[in-house]
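Input: a single structure, listed below in structure tokens.
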Amino acid sequence: MRTLGKVNAAWAGDRGEPDAGVRAALAAASGAGDPEAYLAAVAALCGARLLLPIVADGDESGDGPEVGRHAEMSAVLMRSASGESGALAFTGMDALRAFDPLARPVPCTLDEVAATAVEVDAKALVIDVAGPHLLVIEGDLIGPLAAGNRLIALEDGWGWLSVAGA
């Protein structure tokens, strides 16, 4: 799996609190079946700090230290009933802890989560799976997000903003 870059200086002092505007956008999109609210929630996530959950993987002996034992940290994926995988991200520490109190948070952006999903062939980005408002991003949105683009509202619909240096 690819390595996430250095922590963004804009997040210095970040304590993991969710952005109220992002949470409001997710709430508006939750269960509404409204495509505009859904796209507005994705657009809100494009500028947000997210938390990617990282967990220890591979150390299953449980017998105490041994020379051959090791664990690696890896991003968490979920599988749907159909077998498709999704990369997880959370809008705040409260949502991450509700999912897994032992997961370590890695601050990141939606494009970094999307790039991770593409790398591991995940078909969805699952935001706040344990609540308070679940949002699943899938299909044609993942590729442009992984390329560093941001979804923005235009006067006549929605479009992609290419972020320089992404």
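Bear in mind that the values in this text are calculations on the coordinates, not laboratory data. Just so we're clear, the structure is a prediction, and the values are computed from it rather than from any experiment. All Cβ positions, even for glycine, are placed from backbone atoms using ideal geometry, and neighbour counts span all protein chains on display.
Quick look at the numbers
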item	result
Ranked list, fewest to most other Cβ atoms within 10 Å of each Cβ, for F90, F99	F99, F90
Dimensionless Rg ratio for region 78-166, taking C-alpha atoms and the 2.2 N^0.38 Å reference	1.14
Segment A98-V136, length gained on full extension (0.36 nm per residue, minus Cα span)	11.9 nm
Difference of contour (0.36 nm per residue) and Cα-Cα distance, W160 to E36	43.1 nm
Computed FRET value (nearest 0.05) for A81 with I152, which takes r as the C-beta separation and R₀ as 30 Å	0.35
Under Karplus coefficients 6.51, -1.76 and 1.60, residue-wise ³J(HN,Hα) of region 110-115 in Hz, glycine/proline x	4, 5, 5, 5, 5, 5
